[in-house]
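Peer 1: Just passing along the structure, written as structure tokens.
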Amino acid sequence: MSLPSRLDSQQRQGAAQDAAPDERPILQVRNLNKRFGDGCAHCLPAHVEHPGNRCPRCGSVQACIDLNFDLYPGEILGVVGESGSGKSTMVRSLYFDEDATSGEMFISSCKNGESNLLAESAQQKRYIRNHVMGMVYQNPYLGLRMSYSSSGNIAEKLFAADHFHVGRIRERAAELLGRVEIPLGRMDEPPKRFSGGMQQRVQISKALANNPPLLLLDEVTTGLDLSVQARVLDLIRSLRRELKVAMVVVSHDLGVIRMLADRTMVLRQGRIIEMGLTDQILEDPQHAYTQLLVHSLL
């Protein structure tokens, strides 16, 4: 899979820099914490630097520790780090698959961006998932009903977002599947008959069904052949360009991040250790861990 040209990279960097400083973020995350385990009086405070992120007394794991970041309309934020760094836990907490231990999340199109969505009721969280956000998982079996047809998967998302006109749902499914290059003659086939790359494209079309302003993608190219990876990445770039949807893209592959992300956030043991424009992070990393990640790619 070839990386984009330097000009392409400069254009992405320019797009991020051109955003007005006073432009309102679509997503704001403040002091997000996620702990696995009950915790105890001996658990070290989240803000204290210490080796590892596991409590030596009770064994609780701090998967996300005081995460703070903003995401702007039409922007792609890349999230990188080693396995166990908290990348997937972070996006699953933002999508309410996991209950955050503490923290705040604000989305500008929800309650005027003034309500902490992590503190909303389960009913409100379902509404937000169905109307404002889309999620694409590394494992398509988490995002799709494999025994349903591909069009049926999209219909399920639209039903949840309060769309009930069968004819319009059918048209929307055909439109979305065509956009992600699924042959319309196969729209009534279940995804279990498709290849991994096709399953990911069906999952992307389902995530886009409700026209969300925010899309979360968790390791969407892991395990795919290089040629299939390239097609999925080209699809993501075209969707951002055409639909202006903001995305958080989690990946351990710096080549994927270089191709997609305007800005990049580096996680290690649940903490953000570096954040900045993608070219700056990859070409002039400041933290020793980021330097190790970048040099491992060379």
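Values in this text are rule-based calculations from the coordinates and carry no lab data. Note that the structure is a prediction, hence the values are computed from the model and not measured. Heads up, the Cβs are rebuilt from the backbone with ideal geometry, glycines too, and the neighbour counts pull from every protein chain shown.
Peer 1: Give me the percent relative contact order of the chain, please, defined on Cα pairs under 8 angstrom at least 6 residues apart.
Peer 2: Dividing the mean separation by the residue count of the chain yields 25 percent.
Peer 1: Sticking with this structure for a sec: Under 11 Å from the Cβ of residue 134, count the other residues' Cβ atoms, weight Lys and Arg +1, Asp and Glu -1, and hand me the total.
Peer 2: +3
Peer 1: Quick one: which residues, 5+ away or cross-chain, put their amide H under 5 Å from the amide H of residue 136? H built at 1.01 Å from N.
Peer 2: Excluding prolines and chain starts, which carry no amide H, the hits are 216, 217, 218.
Peer 1: When 265, 90 are ordered from fewest to most other Cβ atoms inside 10 Å of their Cβ, what list results?
Peer 2: 265, 90
Peer 1: Which pairs, out of 87/111; 125/206; 34/87, put more than 20 Å between their alpha-carbon atoms?
Peer 2: On the way: 87/111 27 Å; 125/206 18 Å; 34/87 11 Å.
Checking Cα-Cα distances, 87/111 exceed 20 Å.
Peer 1: On to the next question. Which one, 255, 152, 84, is farthest towards the positive end of the dipole of the chain when Lys and Arg carry +1 and Asp and Glu -1 on their Cβ?
Peer 2: 152
Peer 1: Next question. Arrange the following residues from fewest to most other Cβ atoms within 10 Å of their Cβ: 87, 34, 125, 192. Don't skip to the answer; put the middle values down first.
Peer 2: On the way: 87 25, 34 22, 125 16, 192 13.
Placing the least packed residue first, the sequence is 192, 125, 34, 87.
Peer 1: Would you list 278, 221 from fewest to most Cβ contacts within 10 Å?
Peer 2: Neighbour counts put them in this order, fewest first: 278, 221.
Peer 1: Given the -39500 (n - 2.57) contribution per DSSP H run of 4+ residues, what per-residue ellipticity at 222 nm results for the chain, rounded to the nearest 500 deg cm²/dmol?
Peer 2: -11000 deg cm²/dmol, from helical runs alone.
Peer 1: In addition: Quick one: dipole size for segment 196-261, taken about the Cα centre, charges +1 on Lys/Arg Cβ and -1 on Asp/Glu Cβ, in debye to the nearest 20.
Peer 2: Using Cβ point charges on Lys, Arg, Asp and Glu, segment 196-261 gives about 280 debye.
Peer 1: A follow-up question, please. Would you work out which of 124, 106, 167 lies farthest towards the positive end of the dipole of the chain, given +1 charges on the beta-carbon of Lys and Arg and -1 on that of Asp and Glu, about the Cα centre?
Peer 2: 167
Peer 1: Right, another one. Using the Karplus curve 6.51 cos²θ - 1.76 cosθ + 1.60 with θ = phi - 60°, work out ³J(HN,Hα) for each residue of segment 220-225 in order, rounded to whole Hz, and write x for Gly and Pro.
Peer 2: Per residue, the Karplus-derived 3J(HN,Hα) values read 6, 9, 4, x, 8, 4 Hz.
Peer 1: Tell me which residues come under 5 Å, amide H to amide H, from residue 95 once H is placed; ignore anything under 5 positions away on its chain.
Peer 2: Hits under the 5 Å cutoff: none.
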